[in-house]
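Below is one structure; the comments refer to it alone.
The values are calculated or read from the model by the stated rules, or taken from the named source; none is laboratory data. All values derive from a computational prediction rather than experimental measurement. Ideal geometry is used to build each Cβ from the backbone, glycine not excepted, and the neighbour counts take in all protein chains shown. Accessible surface areas use protein heavy atoms only, side chains included; no ligands, DNA or RNA. Shrake-Rupley method; radii C 1.70, N 1.55, O 1.52, S 1.80 Å.
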Amino acid sequence: MNILVCISVVPDTTTKIRFADDNTRLDVAGVQWVINPWDELSLTRALELKDDASAGVNQVSIAHVGTTASEPTLRKALAMGADNAFRVNGEFNDAYQVAAGLAEVIKAGQFDMVLCGIESSDYNGSNVGSMLAEMLELPSVSAISSLKVEDGKALIIREIDGGKEVISVFAPFVGIVQKGIAKEPRIASMRGIMQARTKPIQVIETAATEAFTRVIRFEPPQPRAACKFIDPDNAGELISLLQKEAKLL
Amino acid sequence: MSVLIYAENWDGKFKKLTFELASYGARIAEMLGTKLIAVSIGNVEESELKQLGRFGVEKVIAADNKRLKQFDSQAYSGLIAQLAQKEGAKVIILASNNAGKSIAPRLSVRLKAALGSGVNKLPLSTDPFVVSKKVFSGNAFAQLLLDTPVKIITLLQNSFDLGEKPVDITVENLQTDLGGLEVKTEVIEIRKQEGNILLTDAEIVVSGGRGMKSPDNWQPIVELAELLNAATACSRPVSDEGWRPHEEHTGQTGKIIAPNLYFAVGISGATQHLAGVSSSKYIVAINNDKSAPIFEAAQYGIVGDAQKVLPQIIEAVKELRNK
Ligand SMILES: Cc1cc2nc3c(=O)[nH]c(=O)nc-3n(C[C@H](O)[C@H](O)[C@H](O)COP(=O)(O)OP(=O)(O)OC[C@H]3O[C@@H](n4cnc5c(N)ncnc54)[C@H](O)[C@@H]3O)c2cc1C
């Protein structure tokens, strides 16, 4: 079984987000780029499955749509243990374009399981994984918090509103993963970092599909009113404020 | 032309969320001068379907088929896409929840329709069609142009107020053999969360962080939640330590919620935590460190030891209830 993990490259989650050109684009000055947190976890899970001989995973590849600027981050994913990488060359913010780029990688290869994160921490779209599944006419399972492989079949636990579902699906399929899929992201070893330098990143050039959406401008969130402090020795006062002032209780 | 909502049900019943979608859809239909219709999938009684008429839905198409008993994003989106085309839907609205998030992107591909996901208010304009959505985990909003003839929106829960708009509603029962739609996933087991109020549905949430010091100190959090008919939640390290179940973890990598009132007790207010709760209408912070960032996000704050402050609050709620 071959697994493809889709990797989005995003600003580090503690980055102070600033915009440039009259709030029409992200100001990338000083931004630290990292692997999207969910993608890091899904890659970790894919590598765990590869380590477990009974799962029958031969190869873990990664795919990314982006420019050369992402390559240092892709090397980090290779250092974690991915075997090889595909980068579809282009600079897209529209989820449909990204999914179409990833679909090119999958059509050209032999992948039994494609993993995506539930969202990317920049545009928070939750779009790419399911779009990709639809483009490839593959089944998909979302909000996966546990993933095992047995006899070419995936056993999945996914979160639903108000509980969990245990699901089975035959490969090939697209899995969209969330928290729980792996405990902690795998840390690259020194050896992994050395090996990553020579692992292949195959660049794929494709004609961009048209975008369906475009960001016109960004806005910072509305500042909240200043916090009103209540005497800790008279904390019950809070409840009457919530009732009378905020009209909540 | 029409505006179409996917009216999800839970064991045959709609929730407030379903009616939020209808209220939102009704306003968009007004803006476009067209009618609002709904699609329901699964076994929902006619009396329940007709509830949608209170919120402006003029027609509901009810598809019930035993193969649609279990949720499968491919089969569900195939069906909704067919109906959207048949009804000439120009705007399709789903909830930004697990089901909506897995159906909407597939519809986008099938219908070549732009998708605005996690939208929190009415479109800023309908020609051009521009929506506002949260980006960078709540650190900013984006004005997003949906640049295709058909548009899809997923709406954040608890972001749009219910608006009664009673209309005569017709129920159209759809007999479908699901021609061409296959269900390829198999649900083996469903494990329902017992008893408690769902975190994503709760109007009030009481949440504890590492400042609670130990899982043995959770009793006042649980008691306050019970008194307020609230759900309990926690920060990530708390669930990572196994002090509380994973389902309670809120934040960027956990659940994203928007209750009317969020109590953050012993939570420092890291950006990743705020990413999940910053859409709460009110935040109350209880923390013994006056400089904790949570106070910058809160409207009400108490600087003090949670174990001393919570009992006073619990007493005050009991007094209020006894009045
Ligand atoms: C990629 C990534 C994703 C993340 N995602 C999330 C996420 O989704 N959700 C999340 O919560 N975190 C997330 N984090 C972790 C986040 O950065 C913080 O570490 C975490 O939120 C801190 O949890 P806390 O506030 O409970 O603990 P702490 O930061 O340890 O804060 C405890 C607070 O309790 C106060 N306190 C101590 N004793 C008392 C007392 N007796 N009474 C009252 N107050 C007291 C302290 O003053 C302190 O402010 C993520 C981190 C990363 C890197």
Of B:Ile256, A:Ile118, A:Ile144, ordered by accessible area with the largest first and a 1.4 Å probe, the sequence is B:Ile256, A:Ile118, A:Ile144
Between A:Asp27 and B:Glu46, the two model label points (7 Å from Cα along the beta-carbon direction) sit apart by a distance in nm of 6.2
Inter-chain shielding metric for B:69-77, i.e. average beta-carbon neighbours from other chains within 10 angstrom, reads 4
With all protein chains present and a 1.4 Å probe, the order of B:Ile188, B:Ile302 from largest accessible area down is B:Ile188, B:Ile302
Note to self, chain A gives a 222 nm [θ] from helices alone (DSSP H runs n ≥ 4, -39500 (n - 2.57) apiece, / all residues, nearest 500) of -7500 deg cm²/dmol
Helix-only [θ] at 222 nm, chain B, -39500 (n - 2.57) per DSSP H run of 4+, per residue, nearest 500, equals -8500 deg cm²/dmol
Given pairs B:Lys15/B:Lys255; A:Lys247/B:Lys323; B:Lys86/B:Lys133; B:Lys133/B:Lys290; B:Lys59/B:Lys112; A:Lys164/B:Lys86 and cut-off 27 Å on Cα-Cα distance, the over-length ones are B:Lys86/B:Lys133; B:Lys133/B:Lys290; A:Lys164/B:Lys86
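Please compute the average number of Cβ atoms from other chains found within 10 Å of each residue's Cβ in peptide A:42-49. Don't skip to the answer; put the middle values down first.
Numbers: counts 0, 0, 0, 0, 0, 0, 0, 0.
Going residue by residue through A:42-49 and averaging, the value is 0.
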A 1.4 Å probe over the protein heavy atoms gives the protein assembly as shown a carbon and sulfur accessible-area percentage of 48
Cα-based Rg/(2.2 N^0.38 Å) for chain A, rounded to two decimals, is 1.18
For B:Lys281, counting only aspartates and glutamates whose alpha-carbon sits under 18 Å away and dropping same-chain residues fewer than eight positions off, the answer is A:Glu245, B:Glu20, B:Asp161, B:Asp201, B:Glu203, B:Glu296
Chain A accessible area per residue, 1.4 Å probe, protein heavy atoms, integer Å², reads 44
Protection proxy (average C-beta count within 10 Å per residue), highest first, orders A:93-99, A:193-199 as A:93-99, A:193-199
Accessible-area order for A:Met1, A:Met113, B:Met1, largest to smallest, probe 1.4 angstrom, reads B:Met1, A:Met1, A:Met113
Cα-based Debye curve of the stretch B:1-49 sampled at q = 0.31 Å⁻¹ gives log₁₀ I(q)/I(0) of -1.12
Note: the stretch A:172-249, point scatterers on Cα, Debye, no solvent; log10 I/I(0) at q = 0.12, 0.25 Å⁻¹ equals -0.90, -1.16
Probe 1.4 Å, all chains present, heavy atoms only: B:Thr126 accessible area in Å², nearest 10, is 40
Chain B, Kirkwood Rh and Cα Rg, ratio Rg/Rh at 1.01
Here Rg/Rh (Cα, Kirkwood) for the protein assembly as shown equals 0.96
Over all viewing directions the Cα convex hull of the stretch B:6-138 casts an average projected area in nm² of 8.1
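Compute the length gained on full extension between A:Ser189 and A:Asp231: take 0.36 nm times their separation in residues and subtract their Cα-Cα distance, giving the result in nm to one decimal.
10.0 nm
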Over 31 Å (Cα to Cα) among B:Lys13/B:Lys165; A:Lys148/B:Lys90; A:Lys183/B:Lys308; A:Lys228/B:Lys101 -> A:Lys148/B:Lys90; A:Lys183/B:Lys308; A:Lys228/B:Lys101
